[in-house]
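The values are calculated or read from the model by the stated rules, or taken from the named source; none is laboratory data. This structure is a prediction, so every number in the text was calculated from the model and none was measured. Heads up, the Cβs are rebuilt from the backbone with ideal geometry, glycines too, and the neighbour counts pull from every protein chain shown.
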Amino acid sequence: MNNEVLGDRAQNNEEEQSRIKQYKNLAKHEDMRRRRTECSVELRKQKRDDLMMKRRNLVEEDEDELNVSTEDNKQQAETKRPPILTCEQVIEILKNNPDIQQTRDAFESVRRLLSKSKNPPVDEVINCGLIHALVQGLGIQDEKIPYECAWALTNIVSGTSEQTVKAVESGATGPLVKLMINEDLNLAEQATWAVANIAGDSAQLRDFVIQSEGVQALMYLCERISTLTTSFKRTLAWAFSNMCRHKNPHAPLPVLEVLARGLCNLMQSDDYNVRQDACWAVSYLTDGPDEQIVLARDAGLMPFVYKHLTEDDGLVAPALRVLGNMATGNDSLTQTVIDLGTLKALPTVARKAKSSSIVKECCWLISNVIAGTQKQIQAVVADGLLGMIITIMQTGDYRCQFECSWALANLAQGGTNQQILDLLKEKPMPALAAVLAHNNADLLTNILDVVYALLTAVAAHRPDQLEQLKEEIEEAGVLDKLEQLQENNNEKVYNATYKILSEYFTDDDDEHDFNDENDAGAAAPYAF
């Protein structure tokens, strides 16, 4: 009996190897997974303003546009604060040994100038040398002056890269980092805001913040997060996202490992915005090689990420990106996604989603799980996700259909014959026919691989059902699409189409006529 079982297993293995060899370009399943190469922007459109890499401090109204309708109101507004000094007036005051109040008024004027919502004179402040004065003001022992200077510098480094670099070259980074741990929480938050703007500008400036002990300051704040205001916590979470954001190059692994521990604190916050920014930070952290992805798992972040799948799109979006990034990793990392229960949650996530981008991310995640081991593919099958993929392929937009095509192509290339046959239970032909109307060569090749794999699996294991499958293919309009694709000028598409038609839809008479035509000198449609 044991020998018979072993013999059956050996035969099945030979059949699987035979089928796999039919795919000449089949890569290892690790290489079939598709990582993100573009910036993570698309899912963040609904929070574009709040998740910008840089942010400015603004006053409630421009000083020169106060809505005062009476003389009394005008006088009342003027008594609230002194008039704004020009850059020239500020320079004149600072050059003449000012007292503390004059110094306060001078720096407040600079801050108010830079806080205008329209055309703040950032370049004028830089070019006249006041940026150096602002940096020096950070070190003055006064309850107001460092705050005004930090605010002004925040608005400077929220501008162009050139403006940010000018502030860094003037020596602003180090003093701002020191102020992040100041006992005055308003001042500490303002300094954190400014440092986050610097880190958000580029990977190079992010690295300079790291060199200036910015990570140590962030972790100091994380350890005291219970003492921070809600506003400060949000600024802190956003600062973490900027530290993790840049890809070329990524922050060093030891730094990311430390940041991952801090993000664990932030992900447990009661505040929605803090968790949202923290989760986006984790998505940036995991958007890289396996060595980075594993940091999120080992820091204990994934259970908190998974919980976001039950929230609205604003939290589901970054959570899906994290889980999808982890699914692009090695088999062990992909298994982490499965073990969390992610696959079981995806149908509900996709059904509740208000954005097609969320649905697309679900399909991308599934495609990367299917690119894993056959045991992992079976988890997808067992949770009914093949039916979900077929439904989305038939009803979703083009981007969703494209991701679905990768999921099914990975099944065709890496699944067992039984797993491929399981796809037939979902009546896939109408959906495949709909997608074959597109022109994208990768999408078409994916679908053609699926059609060929289905025919091959049925021919090998259920030959009595082959004619029925061919009828389904014809009735759904797939055969018509295949005949049209013979005119496609893409070599891969043409060859994949020819393979299906020549092996399964050409009878002997047609083949004899085709050979006669060639013998008579008739030219083939395309020569590659």
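Scan the helices (runs of 4 or more DSSP H) fully inside region 272-318 and keep the ones with 1 or more residues being among the polar types (S, T, N, Q). Spell out how you get there, then give the answer.
Details: elements: 272-285, 290-298, 302-307.
Filter on region 272-318 gives 272-285, 290-298.
Out of all the residues in region 160-184, which are closer than 21 Å to Pro121 by Cβ, among the hydrophobic types (A, V, I, L, M, F, W, C) and either touching a strand residue (DSSP E or B) at 6+ places or on another chain (Cβ under 6 Å) or not in a helix (DSSP H, G or I) (or both)?
Ala172
Which helices (runs of 4 or more DSSP H) sit wholly inside region 214-271 and have at least 2 residues that are crowded, with 22+ Cβ neighbours inside 10 Å and not hydrophobic (A, V, I, L, M, F, W, C)? Before the answer, list the steps.
On the way: elements: 214-223, 230-245, 253-266.
By residue number, 230-245.
Where the second residue is surrounded by 12 or more Cβ atoms within 10 Å (Cβ to Cβ) and of a type in the set (Gly, Ala, Ser) and the first is under 16 Å from Asp422 (Cα atoms) and without any contact (Cβ under 8 Å) to a residue 40 or more places away in the chain and lies in region 461-475, which pairs have Cβ atoms under 7 Å and are six or more apart or on separate chains?
Leu466/Ala459
Do we have any residue at all in region 286-295 that's buried (at least 17 other Cβ atoms within 10 Å of the Cβ), in contact (Cβ under 8 Å) with a residue 60 or more places away in the chain and out of contact with any His (no Cβ under 7 Å at 6 or more places or on another chain)?
Checked against the condition, which is being buried (at least 17 other Cβ atoms within 10 Å of the Cβ), in contact (Cβ under 8 Å) with a residue 60 or more places away in the chain and out of contact with any His (no Cβ under 7 Å at 6 or more places or on another chain), region 286-295 yields at least one hit.
Within region 186-202, work out how many residues are among the hydrophobic types (A, V, I, L, M, F, W, C) and either modelled with pLDDT under 95 or within 13 Å of Pro146 (Cβ to Cβ) (or both). Break it down into steps so the answer makes sense when it comes.
Just the residues of region 186-202 that are among the hydrophobic types (A, V, I, L, M, F, W, C), to begin with: 187-188, 191, 193-196, 198-199.
Cutting the leftovers down to either modelled with pLDDT under 95 or within 13 Å of Pro146 (Cβ to Cβ) (or both) gives us 187-188, 191, 194.
Within region 186-202, residues that are among the hydrophobic types (A, V, I, L, M, F, W, C) and either modelled with pLDDT under 95 or within 13 Å of Pro146 (Cβ to Cβ) (or both) number 4.
I'd like to know if region 411-430 contains one or more residues that are more than 20 Å from Arg462 (Cα to Cα), buried (at least 18 other Cβ atoms within 10 Å of the Cβ) and in contact with a helix residue (DSSP H, G or I) (Cβ under 6 Å, 6 or more places away or on another chain). Give the derivation first.
First, the residues of region 411-430 that are more than 20 Å from Arg462 (Cα to Cα): 430.
Adding the requirement that they be buried (at least 18 other Cβ atoms within 10 Å of the Cβ) leaves none.
The answer is no; no qualifying residue exists.
With the condition kept exactly as written, say whether any residue in region 428-442 is within 21 Å of Val369 (Cα to Cα), modelled with pLDDT of 95 or more and either in contact with a strand residue (DSSP E or B) (Cβ under 7 Å, 6 or more places away or on another chain) or not in a helix (DSSP H, G or I) (or both).
Yes - at least one qualifying residue is present in region 428-442.
Every residue in region 262-284 that is within 16 Å of Leu218 (Cα to Cα) and in contact (Cβ under 8 Å) with a residue 60 or more places away in the chain, please.
If the condition is that a residue be within 16 Å of Leu218 (Cα to Cα) and in contact (Cβ under 8 Å) with a residue 60 or more places away in the chain, then Asp277 is the only one that fits.
Just one of Lys375, Lys344, Lys354 is surrounded by fewer than 19 Cβ atoms within 10 Å (Cβ to Cβ) and not in a helix (DSSP H, G or I); which is it?
Details: Lys375 fails: not in a helix (DSSP H, G or I); Lys344 fails: not in a helix (DSSP H, G or I).
Going through Lys375, Lys344, Lys354 in turn, just one is surrounded by fewer than 19 Cβ atoms within 10 Å (Cβ to Cβ) and not in a helix (DSSP H, G or I): Lys354.
For region 333-346, does any single residue satisfy the condition of being under 19 Å from the mean Cα position of the chain (by Cα) and more than 23 Å from Leu295 (Cα to Cα)?
Yes, that holds for at least one residue.
Going by the structure shown, is Leu365 within 25 Å of Leu448 (Cβ to Cβ) and of a type in the set (A, V, I, L, M, F, W, C)? Before the answer, list the steps.
Numbers: within 25 Å of Leu448 (Cβ to Cβ): yes; of a type in the set (A, V, I, L, M, F, W, C): yes.
Spelling it out, Leu365 is indeed within 25 Å of Leu448 (Cβ to Cβ) and of a type in the set (A, V, I, L, M, F, W, C).
Output the residues belonging to region 131-159 that are touching a Lys or Arg at 6+ places or on another chain (Cβ under 8 Å) and assigned to a helix (DSSP H, G or I).
Ile131, Ile145, Glu148, Cys149, Trp151, Ala152, Thr154, Asn155, Ile156
Yes or no: region 491-506 includes at least one residue that is modelled with pLDDT under 95 and either of a type in the set (A, V, I, L, M) or in contact with an Asp or Glu (Cβ under 8 Å, 6 or more places away or on another chain) (or both).
Within region 491-506, none of the residues are modelled with pLDDT under 95 and either of a type in the set (A, V, I, L, M) or in contact with an Asp or Glu (Cβ under 8 Å, 6 or more places away or on another chain) (or both).
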